[in-house]
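**Q** The structure follows.
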Amino acid sequence: MNGLYIHIPFCVSKCFYCNFVSFKTSLSFQKKYIKELCTEIKNKRNLIKPKTLYIGGGTPSFLSPQLLTELFKTIEKNFGPIKNFKESTIEANVESLTPAKIKLFKKYGFTRLSLGLQSPDNKYLKIIGRAHTLEHFLKVYTLAKKYFDNINIDLIANLPNQTLAEFSAGVKKVISLKPKHISLYALEIEEGCVLYQKGFTTDDDLCLKMLKKAAALLENAGYTQYEISNFAQKGAESLHNKNYWQSGSYLGLGVAASSYLKGVRSTNTSDLKKYLTQKNKTAFSEKLTGKAKEGERIILALRMLDGFKPTKKMLQLFKKDFDSLKKEKLIFSKQGKLALTEQGKYLANQVFRHFVEPF
């Protein structure tokens, strides 16, 4: 299944943990970006025939209805009606998600809405620099539910000074909202973000307890953990993201967007000014071959908790690694498939290191 990803790099403000390519800019600058993005869409429309669409960021809902309409019309002119995609997702934050924008998304046929909550506790929303309150989120979420059946909510575990009890209460609160999909990530404090500058660090042991507790709560509530960071009610798994993990082809458009086409992995420049002025927007490109290619395929496939059926080539190249990981009880075999164990799920990076160069 082929996917189309479009990146909108604008936000009302930068969260204190954020290390993504996002900017707070003027309306005139946003207009220039959308104009250039639409040109890139036209120039690359013949590279792929996508079945899924994902508009992410940044905050796509930060754009005005006029700019969103311009973008949607360009997508439809070059890739067909949005309503005809097998799945179409757009990300939003509630501080910029108005009733008019919700109706606009519905009008164009988006099937899935992804909302950035991160925490249902106002104390922690303030600590991590989010621009909304829980009360505002609930108001917008209630309205969005009238238009969208399939909504994802993002959550972050191990926020600064957060206790296990507080985190668990937050997970229960989100479950009570009954979204079809929940994405749960562990906080990462990278050099350069505000939390790093303030001297905050993460507690790995506490984080592990939080993730295990969340998984138990979500499973008891009817959610299936189908990927390391993603839980869904039956039939609500993200098709677009599953395509990534299954090494499918995808085209990424916009600043810092990545593509994987005909075995070539490439990424657009993350420099916004260069993106607007350079005809060739590619900053990085490589074609993985041999052991490196098979290793990457294994890493992606192992993210899916159902596991994958290794090829003969994979078994030949990585037999020692598979045997070692089985001995450590980090992966196991089931019906011809290899999958992460319960422990391996929480030590995934330790598993993945076996399949990254140098071997």
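**Q** Name the residue that is surrounded by the most Cβ atoms within 10 Å (Cβ to Cβ), counting only residues in region 265-300 that are under 21 Å from the mean Cα position of the chain (by Cα) and closer than 28 Å to Lys337 by Cβ.
**A** Ile298
**Q** Looking for whichever is within 26 Å of Gly254 (Cβ to Cβ), modelled with pLDDT of 95 or more, assigned by TED's automatic domain parsing to the domain that holds Gln350 and in a helix (DSSP H, G or I) here; the options are Leu300, Leu315. Which one fits?
**A** Selected residue: Leu300, the only one of Leu300, Leu315 that is within 26 Å of Gly254 (Cβ to Cβ), modelled with pLDDT of 95 or more, assigned by TED's automatic domain parsing to the domain that holds Gln350 and in a helix (DSSP H, G or I).
**Q** Report every pair of residues separated by at least 6 positions or lying on different chains whose Cβ atoms are under 9 Å apart, first residue within region 256-279 and over 22 Å from Lys32 (Cβ atoms), second loosely packed, with under 15 Cβ neighbours inside 10 Å and among the aromatic types (Phe, Trp, Tyr).
**A** Ser258/Phe284; Arg265/Phe284; Ser266/Phe284
**Q** Please go through region 44-55 and give me each residue that is buried (at least 20 other Cβ atoms within 10 Å of the Cβ) and not in a loop (DSSP other than H, G, I, E, B), ordered by number.
**A** Once the filter is applied, which keeps residues that are buried (at least 20 other Cβ atoms within 10 Å of the Cβ) and not in a loop (DSSP other than H, G, I, E, B), region 44-55 yields Thr52, Leu53, Tyr54, Ile55.
**Q** If we keep just the residues of region 255-264 that are among the small types (Gly, Ala, Ser) and closer than 30 Å to Ala339 by Cα, which is surrounded by the fewest Cβ atoms within 10 Å (Cβ to Cβ)?
**A** So, considering only residues that are among the small types (Gly, Ala, Ser) and closer than 30 Å to Ala339 by Cα, the one surrounded by the fewest Cβ atoms within 10 Å (Cβ to Cβ) is Gly263.
**Q** For region 64-85, does any single residue satisfy the condition of being more than 15 Å from Ala257 (Cβ to Cβ), among the aliphatic types (A, V, I, L, M), assigned by TED's automatic domain parsing to the domain that holds His7 and surrounded by fewer than 22 Cβ atoms within 10 Å (Cβ to Cβ)?
**A** Scanning region 64-85 turns up at least one residue that is more than 15 Å from Ala257 (Cβ to Cβ), among the aliphatic types (A, V, I, L, M), assigned by TED's automatic domain parsing to the domain that holds His7 and surrounded by fewer than 22 Cβ atoms within 10 Å (Cβ to Cβ).
**Q** Looking at region 285-295 only, could you name the residues that are part of a loop (DSSP other than H, G, I, E, B) and among the polar types (S, T, N, Q)?
**A** Residue satisfying the conditions is Thr289 alone.
**Q** Another question, then. Could you list all residues from region 303-342 that are over 17 Å from Lys291 (Cβ atoms) and among the acidic types (Asp, Glu)?
**A** Scanning region 303-342 gives Asp306, Glu328, Glu342.
**Q** Output the residues belonging to region 154-165 that are surrounded by fewer than 18 Cβ atoms within 10 Å (Cβ to Cβ) and either part of a helix (DSSP H, G or I) or in contact with a helix residue (DSSP H, G or I) (Cβ under 8 Å, 6 or more places away or on another chain) (or both).
**A** If the condition is that a residue be surrounded by fewer than 18 Cβ atoms within 10 Å (Cβ to Cβ) and either part of a helix (DSSP H, G or I) or in contact with a helix residue (DSSP H, G or I) (Cβ under 8 Å, 6 or more places away or on another chain) (or both), then Asn161, Leu164, Ala165 are the ones that fit.
**Q** Modelled with pLDDT under 95, part of a helix (DSSP H, G or I) and either of a type in the set (A, V, I, L, M, F, W, C) or farther than 26 Å from Ala236 by Cβ (or both): does that describe Ser13?
**A** The answer is no for Ser13.
For (1) touching a Ser or Thr at 6+ places or on another chain (Cβ under 8 Å); (2) polar (S, T, N, Q), each residue gets a yes or a no:
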site	(1), (2)
Glu40	no, no
Lys49	no, no
Thr52	yes, yes
Gly80	no, no
Glu87	yes, no
Ile90	yes, no
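**Q** Within region 166-284, considering only helices (runs of 4 or more DSSP H) that don't extend past its boundaries, which have at least 2 residues that are modelled with pLDDT of 95 or more and of a type in the set (Phe, Trp, Tyr)?
**A** 239-245
**Q** Oh, and also: From Gly116, Gly80, grab the single residue that is under 24 Å from Ala232 (Cβ atoms) and free of Cβ contacts under 8 Å to residues at least 60 places away in the same chain.
**A** On inspection, the qualifying residue turns out to be Gly116.
**Q** Only one of Tyr54, Tyr17, Tyr33 is over 25 Å from Asp154 (Cα atoms) and either touching a residue at least 24 places away in the same chain (Cβ under 8 Å) or touching a strand residue (DSSP E or B) at 6+ places or on another chain (Cβ under 7 Å) (or both). Can you tell me which?
**A** Tyr33
The values are calculated or read from the model by the stated rules, or taken from the named source; none is laboratory data. The structure displayed is predicted, hence computed values, not measured ones. FYI the Cβ positions are ideal-geometry reconstructions off the backbone, even for glycines, and counts take in every protein chain you see.
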